[in-house]
Amino acid sequence: MLRDTFDEVAELYDRARPRYPQDLVADLVRAAGLGPGSRVLEIGPGTGQLTVPLAASGCRLTAVELGPSLAAVARHNLRRFPLAEVTVADFEHWPLPPEPFDLVVCATAFHWIDPAVRLPRAAEALRPGGLLALVTTHHVKGGTVDFFNRVQRCYEAWDPATPPDLRLVEEADTASDNSELEHSEHFDDIAVRRHGRDIAYSVDEYIDVLLTYSGHRALDAPSRHGLLARIRDLIETWYGGRITKRYLHELITAKRVS
């Protein structure tokens, strides 16, 4: 499965993947009222990109991670926080503890969870009135716009699954799809907060982050090597070895129905 590919590159994932913006973390801590005594469940923490700043709030945090290598790196990153623990399991079958959580959070991973069970199990894990928080990440138009237009030709040459003439969408035109939450009997009071940012990458840094994406890892080795070589040459030849990428993070929250 594609979601298993991240565990193959756990240390690279930890080094290359950006952390979440501080203002997004502050919004989440404030919305959930986190502090000492709060109980938090994180689904799919990876190596702790969101877990570490949440643990710094003093909450009691349990993180359920599918990949044992990712979990090992996350434990290392959380070593200063004795109230945070990482369990290796898939959330769909992990036995929920008897004491409910105040917050269930999942950052850029909820789409990997079985849609038939993810909302009912999240609701079951929460106390009445508890908060579900989902962080989504969109790659939007911005940064070095010309590079992202040009690079599509590299993908069209090396990845046959690439739609022709695919282009990044303006941030303002990126629509939230909250229909699953809106139609759920378990949650109401849905809110969305948006956080955009630019991140500058050297050519090596950008290749590293691409190597943590499931779609790139799913390519056969010759196609992946050919694609990344073309991207490297494009950045070095036309953009002086550096490009900037625009991200849009959405913090989507909903309360468990009492």
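Are any residues in the stretch 235-258 under 30 Å from LEU131 (Cα atoms) and not charged (D, E, K, R), and if so, which ones? TYR247, LEU248, HIS249, LEU251, ILE252, THR253, ALA254, VAL257, SER258, listed by residue number. Of the helices (runs of 4 or more DSSP H) lying entirely inside the stretch 155-258, those containing at least 3 residues that are aliphatic (A, V, I, L, M), in contact (Cβ under 8 Å) with a residue 24 or more places away in the chain and crowded, with 17+ Cβ neighbours inside 10 Å span 203-210, 221-238. Here LEU132 fulfils each of the conditions (1) farther than 22 Å from LEU210 by Cβ; (2) free of Cβ contacts under 8 Å to residues at least 60 places away in the same chain; (3) not aromatic (Phe, Trp, Tyr); (4) not in a helix (DSSP H, G or I) apart from (2). Of all residues in the stretch 112-129, those that are surrounded by fewer than 20 Cβ atoms within 10 Å (Cβ to Cβ) and in a strand (DSSP E or B) total 3. Cβ-Cβ contacts under 8 Å between residues 6 or more apart (or on different chains), taken from a first residue in the stretch 22-41 that is on the phi < 0 side of the Ramachandran plot and part of a helix (DSSP H, G or I) to a second residue that is buried (at least 19 other Cβ atoms within 10 Å of the Cβ) and charged (D, E, K, R), are listed as ALA32/ASP102.
For beta carbons closer than 9 Å, sequence separation of 6+ or different chains, a first residue in the stretch 73-85 that is without any contact (Cβ under 8 Å) to a residue 24 or more places away in the chain and a second that is among the polar types (S, T, N, Q), the qualifying pairs are HIS76/THR47. Here ASP7 meets each of (1) crowded, with 17+ Cβ neighbours inside 10 Å; (2) at pLDDT 95 or above; (3) under 15 Å from the mean Cα position of the chain (by Cα) with one exception, condition (2).
The values are calculated or read from the model by the stated rules, or taken from the named source; none is laboratory data. No experiment lies behind these values; they were computed from the predicted model shown. Note that each Cβ is placed from the backbone with ideal geometry, even for glycine, and that neighbours are counted across all protein chains shown.
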